[in-house]
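S.K.: Next up is a structure, given as structure tokens.
The values are calculated or read from the model by the stated rules, or taken from the named source; none is laboratory data. Just so it is clear, the model here is predicted, and its values are computed rather than measured. Cβ placement follows ideal geometry from the backbone for every residue including glycine, while neighbour counts extend to all protein chains displayed. For accessibility, only protein heavy atoms count, side chains too; no ligands or nucleic acids. Shrake-Rupley method; radii C 1.70, N 1.55, O 1.52, S 1.80 Å.
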Amino acid sequence: MADPSSYRPKPGQIPDSPGVYKFRDEHRRVIYVGKAKNLRQRVANYFQDLAGLHPRTRTMVTTAASVEWTVVSTEVEALQLEYSWIKEFDPRFNVKYRDDKSYPYLAVTLNEEFPRVQVMRGAKKKGVRYFGPYGHAWAIRETVDLMLRVFPVRTCSAGVFKNAARTGRPCLLGYIGKCSAPCVGRVTPEEHRELAEDFCDFMAGRTGTYIRRLEKDMMQAAEEMEYERAARLRDDAEALKRAMEKSAVVLADATDADLIAVAEDELEAALQIFHVRGGRVRGQRGWVTDKVEAVDTSGLVEHALQQLYGEERGDAVPKEVLVPALPEDTEAVSQWLAERRGSQVSLRIPQRGDKKDLMATVQRNAQQALGLHKTKRASDLTTRSRALEEIAEALGLDTAPLRIECYDISHLQGDDVVASMVVFEDGLARKSEYRRFQIKGFEGQDDVRSMHEVIGRRFKRYLQEKEATGEWEEQPTDTPADGPAATGPVPAPAPADGPAEDAEPREDDGRPKRFAYPPQLVVVDGGQPQVAAAKRALDELGIDDIAVCGLAKRLEEVWLPDDDDPVVLPRSSEGLYLLQRIRDEAHRFAITYQRAKRAKRIRSSPLDDVSGLGETRKQALIKHFGSVKKLRQATIDEICEVPGIGRRTAESVAAALASTAPAAPAVNTATGEIIEEDDGGSS
């Protein structure tokens, strides 16, 4: 691990002009490329105290061994050079989108003497006009089959074309009127090129002209009683209309635009692009990337724009690009896009109307793409096996950890401190065995002490179950027998992706599930202090056959007990990806419980402490008096007037309300007026 101070540039050595900088490792490989309006300010940020850096940035600067820069005259030049270097050096710490599939395009080879219509994949070629991308190649072929009636452009390969020219006989499409047969001279090269250009114009969205022309010719042929020609023109117009219907109208003003949406979590991001031409969706594609650098949504959008339009020119760059967040230097990016298009490009966030609605659709597609990507990656057996083997090798385990438990602490500024335990078996979540804990051994914020308590309670329960001979008869609580008073989990709605959270999961016979299954690996969310606390809890119980590790913030470092240096897994490691997923799930489960617990506390009422007073009679009291404040002012006899409330219950209600001091009155800060409390309707 390199010390950034060893290669830090001297003060005043870095210029304060726009430019692009490169970090290199000890082998002179470029590991990161960035651009800046002011090189001096940007590069200096990387050499601050390591504790203040984003974990991914910290990993990058400690991997690097040198930094160098190139000065340019404008921010647009910096953007162009950054894109070129990222493409050339493929730095490991730069965000790079990868297609989740190889999308097919409808291509017209205008660079040939006789242009050809065909399906193309892969890198785009100069002089070829592309339309799409399409989800499936068959969708392109259906569209082409309809349009060849009106624009009979060549679709055959070079070999078929040369053979037809040699024999003087066209292929089948030439005989049935779906090719103008330039191979045998039925049309001149100029006439065939004009057909190809008309085909491109129609695909680009200029559809109305051709359909109106066909309908006009049809009417004229009918008036001249050329009914066969009129019928053929009618069928041609219908074919074009059917081809148009394959692309849904989404924007009524015939807009040419690309809409970009991003779905992200702490580890990965999915990008979706809708290509709208002439108000219709002409193509859709998606990318997925690992977030290997400290980047927000604006940065992801900027990287996406570079990759989308870095090799494009002219009409391939649309007039309008709609994004979820503007890049940091919007003006420079807009100017760069305008230079590539050759005219002004509008780069903005849609605020209202159809474009905002369509952006919401693109966003939903991005969310689904990210979820599908994670599901595929997690469900692949080979990948899971490799991940477990990598974890075992990195942590020095004898066997792959088939059962992994992860613990996370959650609180809000020291209040409502809770913990979660999630279980992964064979690399998959075992949600029926998740557990939640309330921290009861002390009050306040102390993540290390909380982790020690939770690990101790969980494995004390494990030892009790291991020694027991009968069924577990304790109450469904996470508190051990010799610990503080048991307090069950707070009721909360069941999440869409997990079991109900209002009680411990239970066996089919109704008894609580047990803690009897030990993990091979315990993972705690945190660094050395949390790992030491977990190991100390296990040592105190005499457990020495369960491995422990900790995942530092953002999971860039894996800590082992008694080790001064972390284990650094490669960023592309499936083992690291699995640990990240487990940590994220533990965090989600903990924060869901903490929020539910806090929400219940906020909604609590003094009447909750009255023994024997159910929800129905509480509501009856509130309805009768109008509010808790007015109920507090009532006498015992007045409370007895409520149907269903006896004198003993009324005395309990009065005593509970008397022991609870009313909240301080609210004050209108504008007028100084005291606002009368009216807490009716909530209890």
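S.K.: Whole-Hz ³J(HN,Hα) for each residue in the stretch 416-425, computed from phi via Karplus 6.51 cos²θ - 1.76 cosθ + 1.60 with θ = phi - 60°, x for glycine and proline: what do you get?
M.R.: So the J values, rounded to whole Hz, are 6, 6, 9, 9, 10, 10, 10, 10, 10, 10.
S.K.: A further question follows. Ranked by accessible surface with a 1.4 Å probe, highest first, in what order do E453, E266, E88 come? Walk me through the numbers on the way to the answer.
M.R.: On the way: E453 30, E266 75, E88 125 Å².
Heavy-atom accessible area, descending, gives E88, E266, E453.
S.K.: If you count only protein heavy atoms and use a 1.4 Å probe, how large is the accessible surface of H624, to the nearest 10 Å²?
M.R.: Per-residue accessible area (H624): approximately 90 Å².
S.K.: Once you have the Cα-Cα distance between K356 and Y175, take 0.36 nm times their residue separation minus that, and quote the gain in nm to one decimal.
M.R.: On the way: separation 181, 0.36 × 181 = 65.16 nm, distance 4.84 nm.
Full extension from K356 to Y175 adds 60.3 nm.
S.K.: Amide H of A65 versus every other amide H placed in the peptide plane: which residues, excluding those fewer than 5 positions away on the same chain, fall under 5 Å?
M.R.: Here R24, D25, E26 satisfy the definition.
S.K.: Here's another thing I want to ask about it. With r as the distance between the Cβ atoms of D545 and E238 and R0 = 60 Å, compute the FRET efficiency 1/(1 + (r/R0)^6) and round to 0.05. Could the numbers behind the result be given before it?
M.R.: Working: r = 75 Å, r/R0 = 1.25.
Taking R0 as 60 Å, the efficiency between E238 and D545 is 0.20.
S.K.: Using a 1.4 Å probe, how large is the accessible area of K374, given in Å² and rounded to the nearest 10?
M.R.: Its accessible surface works out to 50 Å², give or take rounding.
S.K.: Label V184 and R595 with points 7 Å out from Cα along Cα→Cβ: what is the distance between them in nm?
M.R.: Label at V184, label at R595, 7.0 nm between them.
S.K.: Related question: By how many nm would the segment from Q367 to Q619 grow when fully extended, if each residue of separation counts as 0.36 nm and the alpha-carbon distance is taken off? Present the calculation step by step, with values, prior to reporting the outcome.
M.R.: Values: separation 252, 0.36 × 252 = 90.72 nm, distance 4.18 nm.
86.5 nm is the gain from fully extending Q367 to Q619.
S.K.: Could you pull out every residue, at least 5 positions away or on a different chain, whose amide H is within less than 5 Å of the one on V281? Hs are placed 1.01 Å off N in the peptide plane, and Pro or chain starts have none.
M.R.: It is A248, V250, by chain and number.
S.K.: For F274, what accessible surface area do you get with a 1.4 Å probe? Give it in Å², rounded to 10.
M.R.: 20 Å²
S.K.: Please list, in order, the residues from the stretch 30-58 whose amide nitrogen is less than 12 Å from a point placed 7 Å along the Cα→Cβ vector of F89.
M.R.: In the stretch 30-58, the label zone of F89 (backbone N under 12 Å from the point 7 Å along Cα→Cβ) covers 30-35.
S.K.: Could I have the simple spin-label model distance between K124 and H54, label points 7 Å from Cα toward Cβ, reported in nm to one decimal?
M.R.: 2.9 nm
S.K.: Right, another one. Simple spin-label model, 7 Å along Cα-to-Cβ: E223 to F47 in nm?
M.R.: So the two model labels end up 8.2 nm from each other.
S.K.: Long-range amide H contacts for L347: which residues qualify at under 5 Å (H placed 1.01 Å from N, peptide plane, sequence gap of 5 or more or a different chain)?
M.R.: Correct list: V321.
S.K.: Tell me, what ³J(HN,Hα) does each residue in the stretch 632-647 have, in order and in whole Hz, if you take phi through Karplus 6.51 cos²θ - 1.76 cosθ + 1.60 with θ = phi - 60° and put x for Gly and Pro?
M.R.: Per residue, the Karplus-derived 3J(HN,Hα) values read 5, 7, 7, 7, 5, 5, 5, 5, 5, 6, 6, x, x, 9, x, 5 Hz.
S.K.: Same structure, new question: Can you give the FRET efficiency for A658 and L412, using 1/(1 + (r/R0)^6), R0 = 35 Å, r = Cβ-Cβ distance, to the nearest 0.05? Don't jump to the answer; show the numbers that get you there.
M.R.: Numbers: r = 30 Å, r/R0 = 0.87.
Efficiency for this residue pair is about 0.70.
S.K.: Another question, then. Could you give the length gained on full extension between D265 and S627, defined as 0.36 nm per residue of separation minus the Cα-Cα distance, in nm?
M.R.: Numbers: separation 362, 0.36 × 362 = 130.32 nm, distance 4.39 nm.
Gain on extension, D265 to S627, equals 125.9 nm.
S.K.: Another one. Over 28 Å between Cα atoms: which of K460/K597; K37/K87; K376/K431; K10/K96; K22/K319 fall into that group?
M.R.: Numbers: K460/K597 25 Å; K37/K87 21 Å; K376/K431 18 Å; K10/K96 31 Å; K22/K319 33 Å.
Pairs exceeding 28 Å: K10/K96; K22/K319.
S.K.: If you don't mind, there's one more thing I want to ask. ³J(HN,Hα) across the stretch 184-190 via Karplus (A = 6.51, B = -1.76, C = 1.60, θ = phi - 60°), whole Hz, x for Gly/Pro?
M.R.: Once rounded to whole Hz, the list reads 10, x, 5, 10, 7, x, 5.
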